[in-house]
Amino acid sequence: MEHIEKSVEVHVPISVAYNQWTQFEAFPQFMEGIREVRQIDDRHVHWVAEIGGKHKEWDAEITEQVPDRRIAWRSIGGARNDGVVQFNPVSESDTRITLHMDYDPEGVIENLGDFIGATSRRVEGDMKRFKSFIESRGSETGAWRGRIQEGAQPGTSTAGRTR
């Protein structure tokens, strides 16, 4: 598996940055190549993307979610990837977001793209576009303040999503 780590500092409080990141269906607005993200339930998300000119779909499970701290996931079908997004306060009005992601490039084009750094640059661009997205809005489009604990059984998350 390949590994990417990227960070960005956003000029919004940690709760605003975190709340927006929980709005997975908004990801196509700032993530290159992501066509659709559909929230299936509190723990599961379906992704549709165009990667290296190829249509890809996969499902991901949220394995851990701690409000204002972290969101971790792993793919459970389709394109293999997993990772964690961490939120750290820089000040009352600034937040550092760090993404750690492991993934398996598939086929010649994805492996070549990975070799020349295209995937890393795409993720870095996504982080910068998230910064522009949230800073230009000044507030989140919704929030989910529930907690998901790694290893907990499905249906044990708390709270509910707001859109």
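Table for the structure above
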quantity: Stokes-Einstein D for region 1-81, Kirkwood Rh over Cα pairs, 10 °C, 1.306 mPa s (µm²/s); calculated: 115 µm²/s
quantity: Segments 47-54, 2-9 sorted - mean Cβ within 10 Å per residue, highest first; calculated: 47-54, 2-9
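Bear in mind these aren't lab numbers, they're just calculated from the coordinates by the rules spelled out. Only a predicted model underlies this, so the values are computations on that prediction, with no experimental measurement involved. No Cβ is skipped: glycine too gets one built from the backbone with ideal geometry, and neighbour counts run over all protein chains shown.
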